[in-house]
Amino acid sequence: MKHSLILGAVAAIGLAAGAASANTLEDVKAKGHLQCGVATGVPGFAFTDADGEWQGFDVAVCRAVAAAIFGDPKAVKFTPTTGKTRFTALASGEVDMLARNTTWTFSRDTDLGFDFVGVNYYDGQGFMVRKDLGVTSAKELDGATVCIQTGTTTELNLADFFRTNGMSYEPVPIETNAEARQKYLAGACDVYTTDASGLAATRSTFEDPKAHVILPEIISKEPLGPLVRHGDNEWGDLVRWTLNALIIAEEKGITAANVEEMAKGTNDPEVNRLLGAEGEYGKMIGLGKDWAVNAIKAGGNYGEIFARYIGEETPVGLARGLNAQWTQGGLLYAPPFR
Amino acid sequence: MSNAKSVAFVATKMIPPSPPPSGSVGPIHWAREHLFPTPLNALLTLVSIAFVLWLTPEIIRWAFIDAVWKAGSLAECREIARAAGVEGSFACWAVINERFNQFMFGFYPSELYWRPILAFALLLVALAPVLFAHLPRKMLIFSAVYPFLAYWLIWGDSLWAPLSAMAGFAVAYAAFRALSGGVVQLGLAAAAAAAGLAAVLWWLFAASSAAEAMQAVLPLSIEHVESAKLGGFLLALILGVSGIAMSLPLGILLALGRKSDLPVLKGICVAFIEFIRGVPLITLLFVASTLLNYFLPPGTSFDLILRVVIMVTLFAAAYMAEVIRGGLAALPQGQYEAAAALGLDYWKSMRLVILPQALKISIPGIVNTFIGLFKDTTLVSVIGLLDPVGIIAPMRADSNWNGIVWEFYGFVALFFFIFCFGMSRYSMYLEGKLKTDHR
Amino acid sequence: MTNTAIDTSNMVVSDEVAVEIVNMNKWYGEFHVLRDINLTVNRGERIVICGPSGSGKSTLIRCINRLEEHQKGKIVVDGIELTSDLKNIDKIRSEVGMVFQHFNLFPHLTILENCTLAPIWVRKTPRREAEEIAMHFLEKVKIPDQAHKYPGQLSGGQQQRVAIARALCMKPRIMLFDEPTSALDPEMIKEVLDTMIELAQEGMTMLCVTHEMGFARQVANRVIFMDQGQIVEQNEPEEFFLNPQSERTKLFLSQILGH
């Protein structure tokens, strides 16, 4: 289509004239929607439903941010990004934020020029075996055949773990999760290792998920969280505190159902501050009084989102584990809201 | 020679033609000749037949007899199948059933499905006169207008945008007429260059304001659908059809440029072709999706689909140029000379004598490039565009359907096979039709 | 060879100059292929050019319609000097018909389309009229019934006659023949030569590179012998064949006539 080239060139020149400023929030408000980079498909975290709507644990963060800004969880457009395009999409300004299974590491936070605003899922590499093997600990896996994705950090972690424990293993190299699933089910390997969330999602697709166990050992740290570009701290604050608001909401028992009610005022001053009944906290991040109410209303608090997309009641079936509130023995610990 | 008495001989009668002996024709002879000529070949034939006989029922059982066509999730599929007494694997087509629209249109608004469907139907109308020479030539006018119409149907928004883009061609034509014969007398090449420049200037500076002005005077617009909503086969067809439609003319120009006597032109064409051919398509796609963003000012939304169409087109054009150059090289020098000796100028001899023959020779290569291009469009899934292959990932990530593999890829493969096989058959039809040496 | 008596009543040579070549030189790279060619052809003249292979005779006539470019000297065709001006070249080419050794018909077009292509696209003749002209010339070369076939379906002799008709459709004032019978089976040579003789009888200016000495005797009013890129000898056919002057010519004639 020749004309689209032309129109595109026209559009490019036209838009070049009105180049964006460094204030992401203003740009987002001017656009009228949030542009959010998500994964092209990770079970429970980012997927499309039958109506073609993006759903998932990561997607919910985008919707909460959109709701905080616009009061409308649908005021967000999604850019599917692959592992290869995600960072350039964010760096180039194609997306305003990224919420897609990205591990927070030193170099990504510093050298690549991003700011991780928090952790929405603490993941780590685990092992899955068939129950009838009778294995209860990863330390009993000496001599096992292991399905392992080649060329990833999981491969290095695996080697380290077996060496430190003085065990040997036989690797069965695979390329994709789908291939691993087939091989593992066909008995080509005793053990499948990848991130625990991935193991759970894979297990959920088996005909008989109960015949397989995920061993308790987690051999690596994979803190996954949303990230924004370096250099616009106001925008980073907004996303960070939207995520924190969801976590605080769970801690304080604020849910999508009762948030309206609680916004009218409670005995808890922190809740009152968060929901705008007290003070002008929304203004500090350039938003309205009810920003947190809208964010929580969008998909519920952290716990509700977790339960809806990846919790134990869902096919993915992940336990809270590390992702429980600090009061429940987990790592979720939002700074105080005041 | 013992009986070398005389070499004289005269035929006393002419021998009439007679049919070949029995046994050297017919199916039995054919089978003996082709299937069982030697014991080894006979063995291979039998093994192959056995393999096909073993595999076919298995596939039919999997895909049809034991398949589940309606269910809400993979688990439900399994329940239904087990209840029906199916053991072993089976196809759960329910997922295709549920996600059919996403496969077809991506996330295109469902109430607007008629627009891409209409665009596709009109595509067939626009293609017909191009593909079949016996249809009235007047239909080609519609084919020329079609790209603009299709753009408007699929992306929507103001009708004046594609119209003003189209006006660029009118501007170019008017400039060409004025400069080449009317007002001023310039050489043909200079006039053509000036006309091209006029069109580019129009597109850069006047087109969008003209469209806006017209829109203000007479609003003619339908709901805008943004590129991010395009996906599935709709996206594959947009990429494939526009890439194919643009890469052929561009490839022809590059091939002619490469054979040109003008060293600068020739150098540019050679450098372009060699550079593009020397780089994998996936690299170009990454350039389109990521690098270009760095060059363009931040906040510029130079449409990703457009960027990809350009890259795919350039890539295919470089290959096309070499295929056509092969066709040009295969023509005897005498054809060029005969055309020149009749007084045909360069463009006329190319258009009337050289290209029709060179393109005919190149048909298998051209269609081969087309098919390759069409299948290569699936590479865009790597840069996050949700083409039929890319859109599988978010579908599989839905916990209802996680675990389904074969059904998705089988369906996509079937789609691509239908289109590619169609192209291949058409090319054979065309080759037969254009065969003029012994008929 | 054709032995029928030919009608010479129209074969009149006028004083008007059709082609004038003055001190023309041409090189292929370092190779000096044409050396100081001087040749004047009057309207109505029929010239046969012969010589051993590599003597430059084909190159000479290909220079006349600029299929080959000369580097030195002057060529004037129909009063127009050949320079690198494309407009002059196209004009001259449309006035000069050429027939090639390998026919060079356009295989993707029918016989009729081959003949109407140039009149329609160069002369801007309306299609209907161009087809009438084409049929006229196809009748003249005696193959009107093949008009809707493709070149590949015709015999070599028929194809060469179509090639002549195709050139004639442009109503050329000069015809160049570049070994028109060399690629033909012996039994087809006659039909092509007959066509050429007929053309000569109508007074067409012709330059023929050929070794058909019978043809040269019958219709040529001048025979040119070339060797090593230069014109070695030219004369009227009778004199040329009976009384060659140069040793090179004698040797050449003894080789092609002496079998």
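Overview of values
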item	result
Approximate spin-label separation B:S260-C:E247, in nm, with each point projected 7 Å along Cα-to-Cβ	5.4
For the range B:22-39 versus the range A:73-101, the gap between their alpha-carbon centres in whole angstrom	64
Highest-first arrangement of C:210-223, A:117-130, where packing means the average Cβ count within 10 Å	A:117-130, C:210-223
Cβ-isolated cysteines (cut-off 4.7 Å), chain B	B:C269, B:C420
10 Å Cβ neighbours from other chains, averaged over peptide B:351-357	4
Two-site label geometry, A:K131 and C:H148: point separation in nm, points 7 Å out along Cα→Cβ	8.2
Relative contact order [Cα under 8 Å, 6+ residues apart], the range B:272-414, whole percent	21
Estimated FRET transfer efficiency (A:E53, B:S48; beta-carbon r; R0 56 Å; 0.05)	0.70
Neighbour-limited loop hits for GluC sites (Glu not before Pro), the range B:188-234 (at most 14 other Cβ within 10 Å; DSSP other than H, G, I, E, B)	B:E223, B:E226
Number of partner chain Cβ atoms within 10 Å, mean per residue of A:72-84	3
GNM result for chain B, Cα springs below 10 Å: residue of B:L285, B:L53, B:L201 fluctuating most strongly	B:L53
Rounded to 10°, Cα long-axis angle of helix C:86-95 versus longest principal axis of chain C	80
Relative contact order %, the range A:184-338, counting alpha carbon pairs below 8 Å whose residues are six or more apart	23
Hydrodynamic radius (Kirkwood) for the range B:24-97, which is based on Cα pairs only, to one decimal in Å	15.1
Estimated distance in nm for a label pair at A:K139 and C:S155, the labels positioned 7 Å out from Cα along Cα-to-Cβ	10.1
At most 15 other Cβ within 10 Å, DSSP loop - trypsin sites (Lys or Arg not before Pro), the range A:176-242	A:K221
Three-way shape label, chain B, alpha-carbon gyration tensor, a/c 1.5	oblate
Listed residues B:T56, B:T12, B:T313, most fluctuating in chain B (Gaussian network, C-alpha, under 10 Å)	B:T12
Globularity ratio of the range C:1-141, using Cα Rg and 2.2 N^0.38 Å	1.22
5 Å-binned pair-distance histogram of the range A:60-154 (Cα, whole percent)	2, 9, 16, 16, 15, 11, 9, 9, 7, 4, 1, 0
Part-to-part distance (alpha-carbon centres) for the range A:182-215 and the range B:105-161, which is given in Å	48
Semi-axis lengths (Å, descending) of the ellipsoid that matches the C-alpha gyration tensor of the range B:231-390	34, 17, 12
Charge tally in the Cβ shell below 15 Å around C:I164, where Lys, Arg are +1 and Asp, Glu are -1, C:I164 excluded	-1
Residue pairs, from the table A:K221/A:K283; A:K84/A:K131; C:K57/C:K87; B:K360/C:K91; B:K360/C:K57, whose Cα atoms sit over 32 Å apart	A:K221/A:K283; A:K84/A:K131; B:K360/C:K57
Violating pairs (Cα-Cα greater than 21 angstrom) within the set A:K31/A:K264; B:K433/C:K149; A:K77/B:K375; C:K26/C:K250; C:K140/C:K190	A:K31/A:K264; A:K77/B:K375; C:K26/C:K250
Cut-off 16 Å, label 7 Å out along Cα→Cβ of C:N88, residues of the range C:52-67 by amide N	C:63-67
Column: log10 I(q)/I(0), Debye, Cα scatterers of chain A, q = 0.06, 0.12 Å⁻¹	-0.25, -0.89
Buried area at the B-A interface (accessible, heavy atoms, 1.4 Å probe, summed, Å²)	4300
Selected from C:F31, C:F137, C:F225 as most flexible by GNM, with chain C as the system and alpha-carbon contacts under 10 Å	C:F31
Partner aspartates and glutamates for B:K229 [C-alpha distance under 15 Å; skip if fewer than 8 residues away on the same chain]	A:D49, A:D51, A:E53, B:E111, B:D157, B:D303, B:D387
Förster radius 25 Å - calculated FRET efficiency between B:E223 and B:A144, Cβ distance, rounded to 0.05	0.45
Sites matching chymotrypsin sites (Phe, Trp or Tyr not before Pro) across the range B:82-160 that sit in DSSP coil, with at most 15 neighbouring C-beta atoms within 10 Å	B:Y113, B:F132
Contact order relative to length of the range B:24-97, as percent, for alpha carbon pairs under 8 angstrom and 6 or more apart	27
Rg in Å to one decimal, and Dmax rounded to a whole Å, for the protein assembly as shown via C-alpha atoms	40.0, 136
Exposure rule at most 10 other beta-carbon atoms within 10 Å, DSSP loop GluC sites (Glu not before Pro): chain A longest free segment	A:1-174
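The values are calculated or read from the model by the stated rules, or taken from the named source; none is laboratory data. None of these values were measured; they are calculated from a predicted model. FYI the Cβ positions are ideal-geometry reconstructions off the backbone, even for glycines, and counts take in every protein chain you see. Just so you know, the surface numbers come from the protein's heavy atoms only, side chains and all, with ligands and any DNA or RNA stripped out. Shrake-Rupley method; radii C 1.70, N 1.55, O 1.52, S 1.80 Å.
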